[in-house]
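Written out below as structure tokens is the structure these notes cover.
Please treat every number below as a calculation from the coordinates, not as lab data. Just so we're clear, the structure is a prediction, and the values are computed from it rather than from any experiment. Using ideal geometry, Cβ is built from the backbone for each residue, glycine included, and neighbour counts are taken over all protein chains shown.
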Amino acid sequence: MKNIYKNSPSNLSKAKKILEKNNIIAVPTETVYGLAGNAYSNSSIKKIYKLKKRPKKNPLIIHYYNIKELRKDAYIDEKFLKLYKKFSPGPLTYVLRKKKKSKISSLANAKLKSIAVRFPKNITIRNLLKQLNFPLAIPSANISSNVSPISASDVIDEFGKKINFILDGGRSTIGLESTVISLYGKTKILRPGVISHKKIGKILKKNISVSKKTKELRSPGLLKKHYSPGIPIKLNCKKADKKTAFIVFGRKYKKAGNVFNLSSGGSLKEAAKNLYKTLRKIKNLKYKKINVVKIPKHNIGIAINDRLRRASH
Ligand code: AMP
Ligand code: MG
């Protein structure tokens with residue numbers, strides 16, 4: 001495809017030039033693919049919201065190469081440092097208090113007092129971030145409320161020709177959005193992900209709660225309808241007729257045309273990685289209904305159930 005660019009020095013400098021002009025590109029991360037823009041620029045941020053048709057009150061995650069750049073924009077504390085040391089770069093997003101003198105566009109964090117920040121691990125996006133003089137605002141590269149993209153071709157599936165530069169970093173290895181933890185006010189998980197509240201609790205040596213309230217948080221990942229393939233989804237099913245796509249998990253299910261196994265070996269990590277790929281495939285096969293079996297509700301299963309619940313809304 002003409003608009004897909006591999007990770008090479010010349011393509012990275014092309015990407016850099018586009019971003020410096022406050023235009024938008026698509027980028028890989030280990031969680032999902034994103035739309036990236038200069039986080040210091042109001043005009044970049046406006047373009048991102050417009051492309052995604054994203055409600056303006058839903059703040060974006062700001063992506064950094066390392067902690068040095070972050071210090072200009074947010075207050076950090078012991079808790080943050082402990083988690084940063086263990087989990088970053090990687091699929092963990094921190095909500096922190098924003099500094100008054102920060103240059104981050106206030107449109108990017110919905111004019112809140114806090115900002116959400118992450119240090120992605122994917123080598124291609126890290127190569128790019130390293131070369132920039134500004135952090136990147138990167139929400140997922142999908143139209144608001146659709147299934148998130150996990151490959152360069154998924155981005156084309158979402159935006160067609162509207163995005164003319166997609167940096168290709170291979171398929172997202174995690175395949176599910178980052179865990180979001182708030183360290184602003186009470187420490188709690190705002191959005192579950194593959195880094196579970198248990199793993200975080202171990203590092204902080206305390207129990208970490210997973211927030212269920214949606215109103216207080218104003219976060220897109222917490223909007224009721226999200227991650228949706230645009231087809232009715234029924235959860236906790238035991239079977240499905242042949243015309244219905246049947247999403248299953250584990251050994252006991254027989255192969256069939258309409259059966260999509262997230263992990264026949266029963267691995268929640270593998271299931272997380274396959275979830276969006278499977279939903280997009282089912283959508284493109286033009287199924288009219290989806291039934292999903294019960295997925296275990298522990299560890300990464302909490303995140304999978306969270307996305308399925310919203311997708312089914
Ligand atoms: P997305 O960019 O689609 O992966 O979603 C961004 C996620 O970041 C949302 O689900 C929110 O949970 C979170 N978020 C971003 N900024 C803030 C903030 N200032 N306070 C709370 N949550 C935030
Ligand atoms: Mg998203």
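Kindly work out what percent of the DSSP beta bridges joining two residues of the range 156-297 are antiparallel, to the nearest 5.
On the way: 3 of 13 bridges.
Once the DSSP bridges in the range 156-297 are tallied, antiparallel ones form about 25 percent.
Work out the FRET efficiency for Lys234 and Lys297 from their Cβ-Cβ distance, taking R0 = 25 Å, and round it to the nearest 0.05. Walk me through the intermediate numbers first.
Details: r = 17 Å, r/R0 = 0.69.
The formula returns an efficiency of 0.90 here.
Quote the charge dipole size of the range 48-159 about the Cα centre in Debye, to the nearest 20; the model charges only the Cβ of Lys and Arg (+1) and of Asp and Glu (-1).
Numbers: 25 positive and 7 negative charges, 152 e Å.
Result for the range 48-159 is approximately 720 debye, rounded to the nearest 20.
Residue by residue, what Karplus-based ³J(HN,Hα) values in Hz, rounded to whole numbers, does the range 98-104 have, using 6.51, -1.76 and 1.60 with θ = phi - 60° and x for Gly and Pro?
7, 6, 4, 7, 4, 8, 4
If you wrap the range 87-144's Cα atoms in a convex hull and average its projection over all directions, what's the area in nm²?
4.9 nm²
How charged is the neighbourhood of Thr29? Take every other residue with its Cβ under 12 Å from the Cβ of Thr29, and add Lys/Arg as +1 and Asp/Glu as -1. Working shown, then result.
On the way: positive: Arg118, Lys121, Arg126, Arg171; negative: Glu30, Glu177.
Once all neighbours under 12 Å are counted, the net charge is +2.
Spelling out what I want: for every residue of the range 75-92, take phi, set θ = phi - 60°, compute 6.51 cos²θ - 1.76 cosθ + 1.60 (Karplus), and round to whole Hz; glycine and proline get x.
Couplings: 7, 10, 9, 4, 4, 4, 4, 4, 5, 4, 4, 7, 10, 10, x, x, x, 10 Hz.
Would you pull out the residues with amide H under 5 Å of Lys99's amide H, same chain only if 5 or more places away, H placed 1.01 Å from N?
Ala74, Tyr75
May I ask you to derive the FRET efficiency for Arg71 and Ser267 from their Cβ-Cβ distance with R0 = 41 Å, giving the value to the nearest 0.05?
Working: r = 38 Å, r/R0 = 0.93.
It comes out at approximately 0.60.
Separation between the Lys57 and Lys186 pseudo-spin-labels, each 7 Å from Cα along Cα→Cβ, expressed in nm?
Simple spin-label model gives 2.1 nm for this pair.
Amide H of Ile195: which non-local residues (sequence gap of 5 or more, or other chain) have their own amide H closer than 5 Å, using H built in the peptide plane?
Correct list: Thr179.
For the chain, give the magnitude of the charge dipole about the Cα centre (Cβ charges: +1 Lys/Arg, -1 Asp/Glu; no others), in debye to the nearest 20. The partial results should precede the final answer.
Details: 73 positive and 15 negative charges, 180 e Å.
That gives the chain a dipole magnitude of about 860 debye.
For the chain, list log₁₀ I(q)/I(0) at each q in 0.10, 0.13 Å⁻¹, using the Debye formula over Cα point scatterers of equal strength and ignoring solvent, two decimals each.
-0.53, -0.91
Given the range 87-186, what whole percent of its Cα pairs are spread farther than 18 Å?
Values: 2778 of 4950 pairs.
Value for the range 87-186: 56 percent of Cα pairs lie more than 18 Å apart.
Ordered by residue, what ³J(HN,Hα) values in Hz, to whole numbers, does the range 28-44 give under the Karplus form 6.51 cos²θ - 1.76 cosθ + 1.60, where θ = phi - 60° and Gly and Pro are x?
Karplus-based 3J(HN,Hα) across the range 28-44 equals x, 9, 5, 7, 9, 6, x, 9, 10, x, 4, 6, 7, 9, 4, 5, 4 Hz.
Would you mind checking Lys199/Lys242; Lys17/Lys161; Lys16/Lys188; Lys21/Lys188; Lys121/Lys286 for any pair whose Cα atoms are more than 30 angstrom apart?
Values: Lys199/Lys242 40 Å; Lys17/Lys161 19 Å; Lys16/Lys188 35 Å; Lys21/Lys188 37 Å; Lys121/Lys286 34 Å.
Going by Cα-Cα distance, Lys199/Lys242; Lys16/Lys188; Lys21/Lys188; Lys121/Lys286 fall outside the 30 Å limit.
Just from the alpha-carbon atoms, what are the Rg and Dmax of the range 19-65 in angstroms?
Rg then Dmax for the range 19-65, in Å: 10.4, 27.
Pull up the DSSP beta bridges for the chain and report the antiparallel fraction as a percent, rounded to 5. List each step's numbers first, then the result.
On the way: 17 of 39 bridges.
Roughly 45 percent of the DSSP beta bridges within the chain come out antiparallel.
Rank-order 185-195, 199-209, 37-47 by packing density, defined as the average count of other C-beta atoms within 10 Å over each peptide's residues, highest first.
Values: 185-195: 19.4, 199-209: 13.8, 37-47: 21.1.
With the highest mean Cβ count within 10 Å placed first, the list reads 37-47, 185-195, 199-209.
Please work out the Cα center distance from the range 53-83 to the range 158-176, rounded to the nearest Å.
23 Å
Could you tell me which residue out of Ala240, Tyr33, Ala271 lies farthest along the dipole of the chain toward its positive end? Charges go on the beta carbon: Lys and Arg +1, Asp and Glu -1, centred on the Cα centre.
Positive-end residue among those listed: Ala240.
Restricted to Cα positions, what overall size does the range 1-132 have along the principal axes? Three whole-Å values, descending.
Principal extents (Cα only, largest first): 45, 31, 23 Å.
Measuring from centroid to centroid over Cα atoms, what is the spacing of the range 251-313 and the range 86-140 in Å?
First find each Cα centre; the distance between them is then 30 Å.
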